[in-house]
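Okay, so here's the structure we're looking at.
The values are calculated or read from the model by the stated rules, or taken from the named source; none is laboratory data. Just so it is clear, the structure is predicted and the values come from calculations on it, not from any experiment. Please note: Cβ atoms are built from the backbone with ideal geometry, for glycine as well, and neighbour counts cover all protein chains shown. When the accessible area is computed, the model is the full protein with side chains, heavy atoms only, and any ligands, DNA or RNA have been set aside. Shrake-Rupley method; radii C 1.70, N 1.55, O 1.52, S 1.80 Å.
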Amino acid sequence: MTAPLVKVLQKMQELFQNIFTALESMVLFPALFRKLSRKQRKAFQGACWHQRSLDDFTDELDRLFSAPLRVRNMLEMSDKIQDQFKTCLQASPYCMLPSYTHALPSGHETGTYLALDVGGSTFRVALIELQGRDREMKILRVSSSVIDNNIKLLEGTLFFDWMAEKIEEMLGKVDATYGRAETPLSMGLSWSFPIDQTSISSGLVIHMGKGFLCSNGTVGQELGDLIIRSCRKRQLNVTVDAIVNDSSAALLSRAYVEPKTRMSLILGTGTNVALHFPVHGIGLTKFGTRPVGWFDHAKHVIVNSEMSMFGGGVLPMTRWDETLNRTHLRPDYQPLEYMITGRYLGEIVRLILVEAVETASLFGGHLPHSLREPYSLDTSIVAFVEADTSASLAPSAALLQKEHTFSATPSLADLQFLRRVCQLVSKRAAGYLATAIHSMWCLRNEVELGSDDSVTATSDAASIKQTQQVTVVESEEVSTKKSLSIACDGSVINKYPGFRDCCQAYLNQLSRETLALEGTCLEATTDGPLIDLKPAPESAVLGAAVAVAIAVAEKSI
Ligand code: BGC
């Protein structure tokens, strides 16, 4: 026998000896075992039961993913996230960013506008016709280009050069001279990344998530200029008259047709919320330098919350989330996003599968080569498997085989396990999202209802009493003031099977519980949800067009 082999056998003997000793002490001294901390016990169990059953694994997953979703836990987390919002509302340069847009659209804006939409996985150039609130907004023409990984890896101005090429292609299809006339062609931009707005039509680049490297070397530069410079290289004469974050675009597009809209939500590749928020609730330094008189007109302003960046240290993470975060290009940058969006749901499921293959003989203990690569399990597959209600799960098996070659067809037990994992991961995502939205809703209520009082409040006793009486205002009035419709866009919130309903159900529970805790009569709130998720499809291009219409109108005053 060779020396290395002897060594290996000795090591194995040692290992088994240790396991038996551990088991023996567990049986003989159960009290001692009970004294071990959870972590020590887990490590102990890990050493003893390297292999486990799929059922056992499922039980652990159930526990880990469902425990944070008890209403009481969610309310506590919502409170803590609200504290994070409040801190950032006063000082952060990266989130809770006030735009320059203080007025929502009147709904009378009309005209044909060119809209650019830089999303997480597509770049779109569209020609939009606005015909006023009572008539449908029309997408006259649109060209879509996939932003694949190679494009995402373009650094600095190279990305803008690529954008200019796509803009030129689209304009050329409209007319050979379009965008080449003496008067510059006006464009509106919806940008699905953070931006430090410096006017309605300009903003400085902030670090970009979603795997994009375009902010390398361009952070702090003016976004509109970067686009215009790249367009000039192609002799395109264009101006960027409006720049909005995609969440603000969603808010504008829906407010154009539904004047009561005050908040928007994006949940696709990334996530975000924009809200129409009282100016007085925001730290003065956050506004930078504004034109003289800006504050005279602005009682509210559209705030890009960059909600993806919140929840760190509050929302419980599993070991798979930790791995994802640790190996991410920007660890800790967007804690909420890493647990709920289309870019990551597939990866969380994949990381769980990898462990299940290794420790619970999932797929006969063999993981297809293609699934070893990070981010190789697309969230669309996760969505498909979750939507597959057939007893045999044959459609899921067929899709998996098509996308990833398995050495043997996955068994029914394997597929059932996979489906359960998909359900748990997406349900937790809906729960965490609802928690963050609820938190934003509470913050808005606090500042908004407070602001009503502060308008009338003076230091005299009568008005102080009046302020205190806010708590006893008719329940109906309170719930009416607090009810809100949220414009939703993005592939996960609008297309992932059952996701919006699940998130809505959590929101209903949380908001009703909050009102009950405040002592507001629940009967008054039974007419539809207090926080109502309303789909706002195509919001990026439509919202960019609305933004440019508002900007052009303001310019001409
Ligand atoms: C970005 C936001 C964007 C959101 C939705 C996040 O990753 O930071 O700016 O609004 O995704 O697209």
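Taken over region 285-314, the criterion of being within 29 Å of Ala67 (Cα to Cα) and away from the ligand (no atom under 16 Å from the Cβ) is satisfied by Gly313, Val314. Criterion first (open to solvent by 20 Å² or more (accessible area, probe 1.4 Å), aromatic (Phe, Trp, Tyr) and part of a loop (DSSP other than H, G, I, E, B)) does Tyr113 satisfy it? Against the criterion (open to solvent by 20 Å² or more (accessible area, probe 1.4 Å), aromatic (Phe, Trp, Tyr) and part of a loop (DSSP other than H, G, I, E, B)), Tyr113 does not qualify.
The residues of region 438-481 that are at pLDDT 90 or above and either basic (Lys, Arg) or open to solvent by less than 20 Å² (accessible area, probe 1.4 Å) (or both), listed by number, are His438, Ser439, Met440, Trp441, Leu443, Arg444, Asn445.
Name the residue that is nearest to the ligand (Cβ to nearest atom), counting only residues in region 220-247 that are open to solvent by less than 10 Å² (accessible area, probe 1.4 Å) and either out of contact with any strand residue (DSSP E or B) (no Cβ under 8 Å at 6 or more places or on another chain) or of a type in the set (Gly, Ala, Ser) (or both). It comes out as Ser247. Selection of region 391-407 for residues being touching a Ser or Thr at 6+ places or on another chain (Cβ under 8 Å) and part of a loop (DSSP other than H, G, I, E, B) yields His404, Thr405.
Look at region 204-254 and say how many of its residues are touching a Cys at 6+ places or on another chain (Cβ under 7 Å) and of a type in the set (Lys, Arg). Give the derivation first.
We begin by selecting, within region 204-254, every residue touching a Cys at 6+ places or on another chain (Cβ under 7 Å); these are 208, 238.
Next, only the ones that are of a type in the set (Lys, Arg) stay: none.
Going through region 204-254 one residue at a time, the tally reaches 0.
Considering only region 66-82, I want to know if a residue exists there that is open to solvent by 30 Å² or more (accessible area, probe 1.4 Å) and under 29 Å from Gln221 (Cα atoms). Scanning region 66-82, I find no residue that is open to solvent by 30 Å² or more (accessible area, probe 1.4 Å) and under 29 Å from Gln221 (Cα atoms), so the answer is no. Close contacts from region 260-284, counting a first residue that is farther than 25 Å from Ala430 by Cβ and away from the ligand (no atom under 13 Å from the Cβ) and a second that is open to solvent by 10 Å² or more (accessible area, probe 1.4 Å) and of a type in the set (Val, Ile, Thr), with Cβ to Cβ under 7 Å and a gap of 6+ residues or different chains, come to Pro278/Val447; Gly281/Val447.
Taking the criterion of being small (Gly, Ala, Ser) and not in a helix (DSSP H, G or I), would at least one residue in region 489-499 satisfy it? Yes. Evaluate the following for Arg254: is it basic (Lys, Arg) and more than 16 Å from the ligand (Cβ to nearest atom)? So Arg254 fails the test. Apart from one condition, Phe384 fits all of (1) under 19 Å from Thr269 (Cα atoms); (2) under 20 Å from the mean Cα position of the chain (by Cα); (3) in a helix (DSSP H, G or I); the exception is (2).
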